[in-house]
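A short write-up of the structure that comes next.
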Amino acid sequence: MRTTRRGFTMIELALTLVVIGILATMAMAKVGSTISRSKVDRAASIVAADLENAFSTGGRLRQPLVISCDCANRVYRVNDQLNGGALRLERNLGPSTPFTVATMSFEPTTVTFLPPGRLSQQLQVDLTVDGKTRRITMSSAGFVRITTPTP
C-alpha cells in the first residue's frame, strides 16, 4: 500500500525560486530602461513647451526676447532684450532636479525671438539622460519638433 504525499519537495521549491529570480532580473533591466526614456522624454517636453511659450510671449508683448544657455550647468534663461534684460524664465535641468539631465547642448547658445514671430536663427537642443538622447528643433518660424537623433 502506497501513501500519498502532500506538499512540495525542497528541490521543487528551490527551482521555483530560481525561475522567479531570473524573471525578476530580466524585468528590472527593462524597467530601468523605461524610466530613463521617460525622464528624457519629460525633459524634452518641458524644453519644447518653454520654447513655444517664449516665442508666443515675445509676439504678444511685441518685444524681442533672448534665450541663452549655460550648458555646463544645464540651465537656460529667457530674458527681455529691452527693459534692462529682465528675466522671464530660468529652467534648471541639472542633477539636483527631477530631470537629472546628464548633458545639454544648445546650437547656437543664444537666440533672439523677434516680435513679428520669427527667430533670429534655427535652434537645436540636445538632451541626454542615462544614455538616452532627444533633440528639440525650433525653426525660424517657431515650429518645435522633438526627435531621437540617429547615431
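Within the set of other residues whose C-beta is less than 14 Å from the C-beta of VAL66, count the net charge using Lys and Arg as +1 and Asp and Glu as -1. Let's see the in-between values first.
Details: positive: ARG77, ARG88, ARG118; negative: ASP50, ASP70, ASP80, GLU90.
Around VAL66, the charge tally is -1.
Shown in residue order for segment 133-149 are the 3J(HN,Hα) couplings computed by the Karplus curve 6.51 cos²θ - 1.76 cosθ + 1.60 at θ = phi - 60°: 10, 10, 10, 10, 10, 10, 6, 5, 8, x, 7, 10, 9, 10, 9, 9, x Hz (x for Gly and Pro).
Given 25 °C and 0.890 mPa s, compute D for the chain with the Stokes-Einstein relation, Rh being the Kirkwood radius over Cα pairs; round to the nearest whole µm²/s. D, rounded to a whole number, is 135 µm²/s.
When you restrict to C-alpha pairs under 8 Å that are six or more residues apart and normalise by the size of segment 10-147, the relative contact order lands at 23 percent.
Only one residue of SER68, PRO151, LEU51 has its Cα farthest out toward the positive end of the dipole of the chain, where Lys and Arg carry +1 and Asp and Glu -1 on Cβ, and that residue is PRO151. The angle separating the long axis of helix 10-61 from the principal Cα axis of greatest extent in the chain is about 10 degrees. Sparsely packed loop sites in segment 41-79 (the trypsin sites (Lys or Arg not before Pro) outside DSSP H, G, I, E and B with at most 13 other Cβ atoms within 10 Å) comprise ARG62.
Let me check I've understood the local charge: for THR97, count other residues with C-beta under 10 angstrom from its C-beta, Lys and Arg +1, Asp and Glu -1. What total comes out? If you can, show how the numbers build up before the last one.
Details: positive: ARG74, ARG91; negative: none.
Summing Lys and Arg as +1 and Asp and Glu as -1 gives +2.
A short reminder: the numbers here are calculations on the coordinates, not readings from a lab. The model shown is predicted, which means the values in this text are computed figures rather than measured ones. Quick reminder, even Gly has a Cβ in these numbers, built from the backbone with ideal geometry, and neighbours come from all protein chains shown.
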